[in-house]
Amino acid sequence: MKDSIIKTQLLCKSFITDGEINNIIKNMDLDIYEGDFTVIMGSSGSGKSTLLYSLSGMDQVTTGKVFFDNEDITRMKEKEITKLRKNKLGFVFQGINLIPNLNVYENIVSPTYKTKTKHKAVEERANDLLEKLELNEHKHKFPNQMSGGQRQRAAICRALINNPKVLFADEPTGSLNSSQGESVLDIFTAVHAEGQSVVMVTHDLKAALRGSRILYIKDGRIDGDLVLTEYGTDDLTQREDTLYRFLKSKGW
């Protein structure tokens, strides 16, 4: 039996638009399991990104509860949430969001500022990530001196610098070409194989194939839950067919 790293109870998230309440997430009960590569899919407007932001504490929920490591984060004060995000969570976005006036190395270590992590440990971790993600020769470059794929790899390094319990990714390949996207997906697969819990939102079939669990969101609710073997341990054509059939059955 897998352990839940994130759990929701009757989670709701609503927005008010032109005076009308728009319910995006509706009474959702969900467990995200430690060590899984969880992929969240759904049509545009289904609530998948809203769900990711609610699970990660980046957005306040309307009603319901979100537990991280058995702690109710919906009861936390903003200062506590900020500390949780900095120390235990990592984030990778479609809009890469590197700080333009910092070089790659400085961007990667920036989440460690104002933490108690020793400088030597930070330096060792950063250099290890730079080597693992093949960015050593770019460590002193600024974001505008690198390709989109290189910038996204740097953003992944930054997300991993504090050894997060969960790595969240919102359409991480959305602004990359196919070869850059494939390289980034290889990194997610590699860190997951080392035990990293990953929660990723995507609309891309190739990205979703990397997951070990696919959640399909429709009208703010979980409409499907598909469990796959670890990527690389099965026949890729069969894996793609299984996922495609699942998604088509959900109207994707």
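The values are calculated or read from the model by the stated rules, or taken from the named source; none is laboratory data. What you are looking at is a predicted structure, and each value in this text was computed from that prediction instead of being measured. Neighbour counts are summed over all protein chains in view; Cβ atoms, including those assigned to glycine, are modelled from backbone coordinates with ideal geometry.
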> If we scan the stretch 215-237, do we find a residue that is within 19 Å of the chain's Cα centre (by Cα), among the aliphatic types (A, V, I, L, M), surrounded by 19 or more Cβ atoms within 10 Å (Cβ to Cβ) and assigned to a helix (DSSP H, G or I)?
Replying inline: no
> Among the residues of the stretch 5-17 satisfying the criterion of being polar (S, T, N, Q) and surrounded by fewer than 17 Cβ atoms within 10 Å (Cβ to Cβ), which is modelled with the highest pLDDT?
Replying inline: 9
>> If I filter the stretch 159-188 down to residues being touching a residue at least 40 places away in the same chain (Cβ under 8 Å) and surrounded by fewer than 18 Cβ atoms within 10 Å (Cβ to Cβ), which single residue comes out as farthest from residue 6 (Cα to Cα)?
In response: 175
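Each row is one residue, and each column tells you yes or no for (1) buried (at least 16 other Cβ atoms within 10 Å of the Cβ); (2) among the hydrophobic types (A, V, I, L, M, F, W, C); (3) not in a helix (DSSP H, G or I).
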| position | (1), (2), (3) |
| --- | --- |
| 83 | no, no, no |
| 92 | yes, yes, yes |
| 123 | no, no, no |
| 128 | no, no, no |
| 134 | no, no, yes |
| 137 | no, no, no |
| 141 | yes, no, yes |
| 151 | yes, no, no |
> How many of the residues making up the stretch 54-81 are touching a residue at least 40 places away in the same chain (Cβ under 8 Å), of a type in the set (Val, Ile, Thr) and surrounded by 17 or more Cβ atoms within 10 Å (Cβ to Cβ)?
Replying inline: 2
>> Any residue in the stretch 39-53 that is of a type in the set (Lys, Arg) sitting within a Cβ distance under 7 Å of a residue that is surrounded by 22 or more Cβ atoms within 10 Å (Cβ to Cβ)? List the pairs, counting only those 6 or more apart or interchain.
In response: 48/40; 48/41; 48/42; 48/201; 48/217
